[in-house]
1. For region 101-113, state whether one or more residues are within 16 Å of L15 (Cα to Cα) and modelled with pLDDT of 80 or more.
2. Wholly within region 225-310, which helices (runs of 4 or more DSSP H) include no fewer than the required count, namely at least 3 residues that are touching a Phe, Trp or Tyr at 6+ places or on another chain (Cβ under 8 Å)?
3. Looking for something within 18 Å of D295 (Cβ to Cβ), out of contact with any strand residue (DSSP E or B) (no Cβ under 9 Å at 6 or more places or on another chain), assigned to a helix (DSSP H, G or I) and aliphatic (A, V, I, L, M) - is there at least one such residue anywhere in region 115-126?
4. So L149 clears everything in (1) buried (at least 18 other Cβ atoms within 10 Å of the Cβ); (2) modelled with pLDDT of 90 or more; (3) assigned by TED's automatic domain parsing to the domain that holds T281; (4) under 27 Å from V24 (Cβ atoms) except one condition, right? Which one?
5. If you scan region 29-58, which residues turn out to be surrounded by fewer than 20 Cβ atoms within 10 Å (Cβ to Cβ) and of a type in the set (V, I, T)?
6. For region 259-271, name all the residues that are at pLDDT 90 or above, out of contact with any Ser or Thr (no Cβ under 7 Å at 6 or more places or on another chain) and not β-branched (V, I, T).
7. Restricting attention to region 279-310, and to residues there that are closer than 21 Å to D249 by Cβ and in contact with a Lys or Arg (Cβ under 7 Å, 6 or more places away or on another chain), which single residue is modelled with the lowest pLDDT?
8. Enumerate the pairs (first residue in region 19-33 and assigned by TED's automatic domain parsing to the domain that holds T64; second residue anywhere and modelled with pLDDT under 85 and of a type in the set (D, E)) with beta-carbon separation below 9 Å, excluding pairs fewer than 6 apart on the same chain, so at least 6 apart or on different chains.
Amino acid sequence: MADAPPPPTDLLPALLALLETESVTRAAQRMHVGQPAMSRTLEKLREATGDALLVRQGRRLVRTRRAHELLPELGGLIAAAERVLSPAGAFQPESARGVVRLGLGDDMQAVLVAPLLTRLRSEAPGLDIRIRPLHAESAHEASRGVIELAVMPDVREQYALAGISELVLRPVYTRRFITVSRTRRKLTLDSFLAADHVLVSPQGNEGGYVDDALRAAGKQRRVAVTVPGFLAALSLVQGSDLLATLPDDIVHVLAPALYRYPCPVATPELDMCLIWAARFTHDARHSWLRALVRDVVSDTVKAAAKRKRR
């Protein structure tokens with residue numbers, strides 16, 4: 001290990017390592033420098049920011065309020081610095097170093113991260129993955145570059161209303177909804193309405209696409225339980241007599257043993273998109289990343305769709 005502090009161009013990655021690990025020792029290991037050098041880097045960062053950044057609490061270091069505010073911004077800043085300080089030209093994935101920051105929901109995390117990691121280790125072994133969960137501010141994070149790339153439903157209406165004007169959306173595949181159960185049954189509208197259901201509601205709200213369609217027809221189903229994510233819904237269906245109406249791609253990949261039926265209620269089709277900040281569009285590294293993620297998404301969804309359906 002080198003014993004000199006990181007050069008100025010490494011201060012932001014060093015800051016990210018310190019704030020993510022909340023440890024001088026682990027940050028030094030991540031940056032491949034000695035612990036004394038990382039301690040001196042921390043002092044430089046404290047001087048530059050005018051904040052302690054990490055303070056001792058018992059036997060461990062914890063982030064200050066200012067450090068908590070800085071952490072979400074660092075990914076975009078580092079990516080921008082890398083683009084500024086790198087020569088123009090073709091991106092060379094086999095020699096690339098650093099991290100890629102992706103925004104994925106719990107469903108896409110379960111479906112995509114493993115095959116994506118396999119591809120990265122084959123084509124760009126020096127790149128690591130950092131996943132951020134999707135939430136209400138994900139579109140804003142993508143526009144700021146905190147998330148380099150997100151895989152999420154078309155949010156054109158939402159981000160337009162929120163005043164976000166610099167996002168690019170590219171559809172990758174169409175998500176359709178199907179109804180699933182643990183046991184075989186004849187699913188009609190009457191039996192659908194007579195059953196108990198699990199509803200996926202990330203914000204804990206009542207109702208969804210199915211309930212809106214039923215309400216328009218003057219009908220109602222019983223939602224016995226709501227959960228914030230698709231994985232919890234699949235687990236409940238696998239262990240009970242509940243029905244769930246879920247995205248077909250998630251069911252095909254994660255729960256192929258469940259019985260699947262066309263939903264007796266009209267549901268929308270959603271374009272699942274790659275989403276990124278427009279300023280990254282012509283960046284060679286980002287173009288390579290988009291193509292890689294697009295391929296992994298497409299291959300995974302197509303392979304799942306070919307599996308024998310029950």
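The values are calculated or read from the model by the stated rules, or taken from the named source; none is laboratory data. Small disclaimer: the values here were computed from a predicted structure and weren't measured. Cβ placement follows ideal geometry from the backbone for every residue including glycine, while neighbour counts extend to all protein chains displayed.
1. Checking region 101-113: not a single residue is within 16 Å of L15 (Cα to Cα) and modelled with pLDDT of 80 or more.
2. Working: elements: 230-238, 248-254, 284-305.
Per the criteria, 248-254, 284-305.
3. no
4. (4)
5. The answer is T49, V55.
6. Answer for region 259-271, where residues must be at pLDDT 90 or above, out of contact with any Ser or Thr (no Cβ under 7 Å at 6 or more places or on another chain) and not β-branched (V, I, T): R260, P262, A266.
7. R310
8. Once the first residue is assigned by TED's automatic domain parsing to the domain that holds T64 and sits in region 19-33, its partners that are modelled with pLDDT under 85 and of a type in the set (D, E) give M31/D10; V33/D3; V33/D10.
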